[in-house]
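Heads up: the structure comes next, in structure tokens.
The values are calculated or read from the model by the stated rules, or taken from the named source; none is laboratory data. Being a predicted model, the structure only gives us computed values, none of them experimental. Neighbour counts are summed over all protein chains in view; Cβ atoms, including those assigned to glycine, are modelled from backbone coordinates with ideal geometry. All accessible areas refer to the heavy atoms of the entire protein, side chains included, with ligands and DNA or RNA removed. Shrake-Rupley method; radii C 1.70, N 1.55, O 1.52, S 1.80 Å.
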Amino acid sequence: MESHETLVPDLSVRHKPLHRSNSLQPEVIYQNSSVYSSRQKSKNPGRSLTEIYTAKTIGRASSSDPTFSLRRRTLTTAAPLLRSSTSGEKKEQFLNRSFSEMSWTSYHDDSSVSSYDNRKDAKEKEDAHSVKDSESLVSNQTNETLVSSSGTEEECEIKVEKANRESSFIWLILKNCFKLFFWIIVVISTVILIVLFFSAYFTYVKTQCDIRRKVMLPLEELDRQLSESVIGQEIATNVILSSLQDFENNKVNSPLVMWMVGWTGSGKTYSTNILKKVFSSTSQIFTVIPSLYPQNDVSVLKLKVKGLYDELHPCSFNVIVIDGWDENNLPFEILEQLLSHFRVGVYQQKEIEKTLIVLSGTQGSQNINKEYLRLRRDGRKRESIQVDDFKTVTERETQGRKMLEVLKSYAFVPFLPMEARQVQECVTEELSKMNKTGLLPEDYNYEKIVELVIGQLDFIPASYPLLAVTGCKRVQALLQISFSRDASVAV
């Protein structure tokens, strides 16, 4: 009888996993020795021992490690190789046994029941020890495997996490760099667009300003209208045209001041209206009414004059008309404030295109009338009188001295008083206008109309009635009254 130890395979040497098809020992599960419940069904044993002893089972605890529930598929003592001490015949006999012979009872002697029982008890004890040894061995191997595998997994996880961190950190840096580069490009592009827009805008404004500055004043049209419409004021017309021509040719930034001096009805306002009408197409026109300005509050006056100065166009020709220098000196104070702003603007290098300031009034007209009467009594004809004959007179007066205090030079425009001959020309001009509008009757007596209008005017002085007191100012009203009241003017 062969001993049991010679047939037990060596559990310490296992070169490859044992599958169910290669197992030589049937699965024997004892009710008293199994660590599993009897109700647990056996699983497919065709797995490797590593998988068998290391597989996790939900809800089943292990005697060696309560944390991991290890599942044991079968208790086998078979191994791919038998002990080296076993002979080849015994190995072959052991492998060729049938399944029915693979029972522990085939090794017992039938004649001795007691020895069989003893051997059975010994066998049970040995099986228990082998089971415990195999469990401890598998548990140790499993623990080592788990520890090593857990350590390896932790190291791998740490390495993977570290690699992920490094990659995420690098990606974050690249992402931030890309965002920074993108926003830098956006900011630079925006700045470039803004600079291009403003440069194009300023270039356009400068071009338009240069174009407007190069526009010539319509002096020929002004000359034509003044010559045709203004009666008996050849001196004033020539002074206006020559002064504007010189002012346009000279490259100066200081304004041109025209002081129009004349008696009532001499044509100052009419000439100013013609000038504004002709220059309105190429210039900025500003009309100052002194009665609307405060006379006693100097601070408010300065503010209003400063607002007027700020409204001046820097590129086009500006025309400022200050009318009404008659009884008070407020128009002259407005002129003085304007000139002070121009001086400050030149000092601050504020470019303002050429400006014409027209100061009109009756201040100084009495001296012009006296000088005109003296020249006429001396035998001088109206056409031979020049502007220099009155300039010296006005400079000796208070108004002339004020102008010289404010200005080094100005254009003095004297409007001569109207005689009866000039009033007759005004009547003819008004009749022509009435005829064009259809207000004049078809049959009228021209001589009677002229005689009637002149007869209603006053002339001075009494000793030498030469100058009309109101000039041509009342001619239009007198004509309307004559045609409405007296029918004898018609033939």
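Assorted remarks:
- Accessible surface, 1.4 Å probe, highest first, among residues C426, C177: C177, C426
- FRET E, pair I184, V215, Förster distance 56 Å, beta-carbon r, rounded to 0.05: 0.75
- Going by accessible surface with a 1.4 Å probe and the largest first, I449, I285 read I285, I449.
- Loop trypsin sites (Lys or Arg not before Pro), the range 395-482, which have at most 10 other Cβ atoms in a 10 Å radius of their Cβ (DSSP): K408
- The GluC sites (Glu not before Pro) of the range 421-484 that meet both conditions, a loop assignment by DSSP and at most 11 other Cβ atoms within 10 Å of the site Cβ, are E442.
- When you filter the trypsin sites (Lys or Arg not before Pro) in the range 180-249 for DSSP loop state and at most 13 other Cβ atoms inside 10 Å of their Cβ, you are left with K214.
- Nitroxide proxy distance, nm - points 7 Å out along Cα→Cβ at N249 and R396: 3.3
- Per-residue SASA entry for C209, accessible area with 1.4 Å probe, Å² rounded to 10: 20
- Accessible area per residue (1.4 Å probe, heavy atoms of protein chains only) ranks I170, I274 as I170, I274, with the largest value leading.
- Whole-Hz ³J(HN,Hα) from phi, Karplus 6.51 cos²θ - 1.76 cosθ + 1.60, for the range 358-375, glycine and proline x: 10, 10, 10, x, 9, 4, x, 6, 5, 5, 5, 5, 5, 5, 5, 5, 5, 5
- Added length on full extension, which subtracts the Cα-Cα distance from 0.36 nm per residue, Y444 to I481: 11.9 nm
- A cut-off of 5 Å between modelled amide H atoms, ignoring neighbours fewer than 5 places along the same chain, links V319 with Q284, I285, F286, L356.
- Whole-Å distance, taken between Cα centres, linking the range 432-489 and the range 356-423: 27
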